[in-house]
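Everything below concerns the one structure shown next.
The values are calculated or read from the model by the stated rules, or taken from the named source; none is laboratory data. Being a predicted model, the structure only gives us computed values, none of them experimental. Every residue, glycine among them, receives a Cβ derived from its backbone with ideal geometry; neighbour counts consider all protein chains shown. We work out accessible area using only protein heavy atoms, side chains counted, and drop any ligands, DNA or RNA first. Shrake-Rupley method; radii C 1.70, N 1.55, O 1.52, S 1.80 Å.
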Amino acid sequence: MKKLLVLAIILRLLVAGFLFHPDIKTIDFQASFLKKGVFNIYTYLVENKKSLTLKDDFVYFPLTYFSLGGYQWVASPFLGKGFDSWLADAGSSTVVENPNIFRYLIVLKLPYLVLDILIAFLLMQFFEIKEDKRKAFVFWLFNPFTIIIIYAFSNIDIFSVVLTILSFLMIKKEKLFSASLLLGLASGFKLYPLLFIPFLFLAGRNLKEKIILSITPLITFGIIILPFISKAFFQSALVSGLTTGIFTSDFATLALSLLFFYAALFDKKINLLNYWISMFLIIFSFALFHIQWLLWVAPFLVILSVKKPEYSWLLFLFGIIAFAIPALFQDRYMTISLFRIYSVWFDMLPTPFTFIQKVYDPVNIQTVFHSILAAGSLVMTYKIFKEDE
Amino acid sequence: MNKLIWFTTSAILFLVFLFPAVLAFGIKLIPNGDQPGYISDQRLGVYGIRDISQKFTSEKANLSAIGTSVRNPNLQNKKDITLTLFDEKMNIVRTTTINGRNVEDGNFIKFVFDPIPDSKNKTYIFTLASPDAGPGETIEIFYIENDRPGQTMPSWIVEYTYDKKVHNGGLPITLYFKPVSKMDVIKEIYGDLFLRLLSNR
């Protein structure tokens with residue numbers, strides 16, 4: 001296990017140091033204002049937009065700002081003097097040609113590495129048998145998908161993912177109140193865990209417990225965002241495309257509602273893990289998802305793969321298809337531009353979208369992939385519930 | 001499980017160490033750097049006999065394309081836009097034409113021509129014109145005039161001529177060069193990466 005862990009860490013450090021998505025620089029530029037004493041990042045960015053070199057809003061929730069900003073404050077001695085000017089650099093080439101970029105990226109992605117390894121150990125807690133624990137450990141650390149999502153795309157959703165895993169560990173121990181509290185805390189980083197409230201409500205054994213379980217995440221989330229409530233916060237984070245994107249698809253809303261009413265009217269013994277997995281399979285089937293969102297469900301699919309090994313290959317196939325869909329967006333940073341650290345000459349290469357467009361409509365291919373993913377996910381959802389019966 | 005470990009380890013090592021070399025095989029043109037900055041409301045109109053000329057020095061051999069940003073509001077110009085490249089003695093070296101239909105407003109447009117093998121350190125002049133376009137089909141070209149306060153172009157962008165007047169500076173152009181060989185591109189990419197890794201302070 002130790003050797004595997006070392007290998008897993010080396011692979012992660014390689015991707016962390018050499019592959020670059022600009023999101024990490026933008027988010028860390030914004031988080032850098034914490035060490036300068038800025039508490040409300042939402043209003044600060046809106047009020048100072050004219051004088052800032054990077055003009056994006058802060059689209060995440062407050063705990064992301066405090067976690068990243070706090071870490072940056074601690075890590076400052078390792079980042080060096082030029083770090084802040086690198087963060088503020090709006091030049092497209094100078095950023096990736098900076099010789100210190102390797103160090104910056106590795107230091108900035110270190111919290112992800114710690115949480116990523118923590119996830120491997122948390123996943124082992126879901127199993128009693130040693131062999132299953134080992135499988136969970138290996139499936140998590142050696143699936144190529146999460147390495148790319150976390151370290152190439154610099155996915156800060158990992159903060160909320162860890163909390164959702166902890167929440168399900170609480171559910172396993174039948175501590176539903178702690179689980180709902182952790183989901184509320186997770187939503188302080190990213191809003192998606194709140195989608196699960198209707199199912200928490202159904203899981204309650206009586207009306208009082210149902211109300212407590214569904215209100216707790218909301219109150220926790222409310223307390224976190226309370227000091228920041230402002231027009232800037234609403235526009236930047238609460239109603240941003242990143243938060244509301246799931247509901248841009250009517251089918252996603254319809255299918256999630258179907259899942260809820262099935263649970264409410266037919267399911268006599270609710271297995272929350274099944275609903276959590278199904279909820280995301282439905283979202284990825286019908287919504288135009290960001291590649292980072294795949295991390296929300298990845299650890300839980302590892303649990304599913306260990307419990308039902310016959311699904312492993314199918315889930316691996318789903319992973320490839322789910323990766324192929326956003327790779328076909330006309331967005332250079334989904335593919336080629338991740339390698340700009342090696343050379344900005346890669347800007348001369350066509351994206352997969354442009355390349356495929358010469359012979360066929362890439363949007364059609366995306367639709368085909370999405371349909372296959374939807375069909376597979378829906379059948380798998382059906383099978384998960386059927387087997388539980 | 002062992003298969004998965006082997007697969008992922010090989011895939012990640014390939015991605016980090018070899019995939020950039022695979023990508024490098026697709027590079028057909030190498031730019032001489034980023035496009036110089038320009039001021040968005042400083043533009044010159046080109047139509048009919050009203051053209052613009054730019055003098056520049058090519059710092060490398062195999063000059064193969066010249067790119068700049070072109071405004072074509074509402075795709076109003078659907079006529080030919082021609083770039084004619086002259087040597088210092090005003091002999092035509094290359095000519096290339098694109099149609100205004102393919103020029104979206106504000107896009108960076110690349111005028112590609114056959115490589116000029118001996119272009120290293122030579123001075124050239126190009127003229128950008130849309131001879132069949134009327135005043136309602138004007139395309140607009142951005143420029144920077146070195147004599148104005150706060151405006152500077154790199155030294156290889158020498159001077160431009162518009163309305164028979166010569167000014168220092170000129171168009172925010174990028175030059176493109178055909179690589180000598182694919183292996184040279186790969187060597188240069190990895191060599192530069194290695195140097196940056198070593199100079200990491």
What do you get for Rg/Rh over segment A:31-189 if you use C-alpha atoms and the Kirkwood form of Rh?
1.03
Find out how many positive minus negative residues lie around A:Phe353, taking Lys and Arg as positive, Asp and Glu as negative, among other residues whose Cβ is under 11 Å from that of A:Phe353.
0
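Within segment B:100-198, which trypsin sites (Lys or Arg not before Pro) sit in a loop by DSSP and count at most 11 neighbouring Cβ atoms inside 10 Å?
Numbers: sites: B:Arg101, B:Lys110, B:Lys120, B:Lys122, B:Lys164, B:Lys165, B:Lys182, B:Lys187, B:Arg196; in loops: B:Lys120, B:Lys164.
Those that pass, being in a loop and sparsely packed, are B:Lys164.
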Result for interface chain B to chain A, accessible surface buried in total, 1.4 Å probe, Å² to 100, stands at 3200
Reference-scaled alpha-carbon Rg (2.2 N^0.38 Å with N residues) for segment A:167-222
0.98
Between A:Asn206 and A:Leu238, what's the calculated FRET efficiency when r is the beta-carbon distance and R0 is 35 Å? Round to 0.05.
0.60
Note the angle between two axes, namely the Cα long axis of helix A:312-327 and the longest principal axis of the Cα atoms of chain A, as a number of degrees from 0 to 90, rounded to the nearest 10.
40
Calculated P(r) tail over 22 Å for segment A:240-389, as whole % of Cα pairs:
47
Amide H to amide H, which residues 5 or more places from B:Ile109 or on other chains are under 5 Å from it, using H placed in the peptide plane?
B:Thr68, B:Ser69, B:Val70
Relative to chain B, whose Cα atoms define the longest principal axis, helix B:2-13 and its Cα axis are tilted in degrees, nearest 10, by 40
Derived scalar couplings ³J(HN,Hα) [segment A:47-57; Karplus, 6.51 cos²θ - 1.76 cosθ + 1.60; whole Hz; x for Gly, Pro]:
5, 10, 3, 4, 8, 8, 6, 9, 9, 5, 7
Ellipsoid semi-axes in whole angstrom, largest first, where each is sqrt(5λ) of the Cα gyration tensor of segment B:30-177
22, 18, 14
Entries of A:Lys172/A:Lys269; A:Lys3/A:Lys135; A:Lys109/B:Lys182; A:Lys307/B:Lys3; A:Lys133/A:Lys386 with Cα pairs more than 23 Å apart
A:Lys109/B:Lys182; A:Lys133/A:Lys386
For the pair A:Leu265 and B:Lys3, what calculated FRET efficiency results from E = 1/(1 + (r/R0)^6), where r is the Cβ-Cβ distance and R0 = 45 Å, to the nearest 0.05?
0.55
Longest chain A segment clear of trypsin sites (Lys or Arg not before Pro) sitting in DSSP loops (not H, G, I, E or B) with at most 13 other Cβ atoms within 10 Å runs A:82-172
Local electrostatic count at B:Leu63 - Lys and Arg +1, Asp and Glu -1, tallied over other residues with Cβ under 15 Å
+3
Quick check: convex hull over the Cα atoms of segment B:1-89, volume per residue in Å³, rounded to an integer?
220
For segment B:30-177, calculate the relative contact order in percent as a whole number, restricting contacts to Cα pairs under 8 Å that are 6 or more residues apart.
41
With charges only on Cβ, +1 for K and R and -1 for D and E, what is the dipole size of segment B:30-177 about its Cα centre, in debye, rounded to 20?
140
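B:Asn99: net charge of surrounding residues, Cβ under 9 Å, Lys/Arg +1, Asp/Glu -1, itself excluded? Don't jump to the answer; show the numbers that get you there.
On the way: positive: B:Lys78, B:Lys79, B:Arg101; negative: B:Asp80.
The answer is +2.
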Test of the criteria: in segment B:94-201, which GluC sites (Glu not before Pro) are in a DSSP loop and have at most 14 other Cβ atoms within 10 angstrom of their Cβ?
B:Glu104
Debye calculation, C-alpha points only, no solvent: report log10 I(q)/I(0) for chain A at q = 0.11 Å⁻¹, in the same order as the q values.
-0.84
Quick check: pseudo-label points 7 Å beyond the Cα along Cα→Cβ at B:Asn168 and B:Asp132, how many nm apart are they?
4.0
Chain B: antiparallel bridges as % of DSSP beta bridges, rounded to 5, reads 100
Test of the criteria: in segment A:1-99, which chymotrypsin sites (Phe, Trp or Tyr not before Pro) are in a DSSP loop and have at most 15 other Cβ atoms within 10 angstrom of their Cβ?
A:Phe39
Work out, in µm²/s and without decimals, the Stokes-Einstein translational diffusion coefficient of segment A:101-244 at 20 °C, 1.002 mPa s, Rh from Kirkwood over C-alpha pairs.
127
What residues qualify as long-range amide H neighbours of B:Val93, i.e. H under 5 Å apart, gap of 5 or more or another chain, H built at 1.01 Å from N?
B:Leu85, B:Phe86, B:Asp87
Take every DSSP beta bridge whose two residues both sit in the protein assembly as shown, then give the antiparallel share in percent to the nearest 5.
100
Relative to chain A, whose Cα atoms define the longest principal axis, helix A:130-141 and its Cα axis are tilted in degrees, nearest 10, by 40
Chain A, helix-only ellipticity at 222 nm - DSSP H runs n ≥ 4, -39,500 (n - 2.57), divided by all residues, nearest 500
-20500 deg cm²/dmol
Note on segment A:105-187: alpha-carbon gyration tensor, axes a ≥ b ≥ c; rule is a/c under 1.5 for rounded, else prolate if a/b larger than b/c, else oblate; result oblate
Computed magnitude of the charge dipole of the protein assembly as shown (debye, nearest 20; Cβ of K, R +1, Cβ of D, E -1):
1440
Between A:Leu378 and A:Asp347, what is the spin-label point distance in nm, taking each point 7 Å from the Cα along the Cα→C-beta axis?
4.4
Any idea what the alpha-carbon Rg over 2.2 N^0.38 Å comes to for segment A:48-106?
1.23
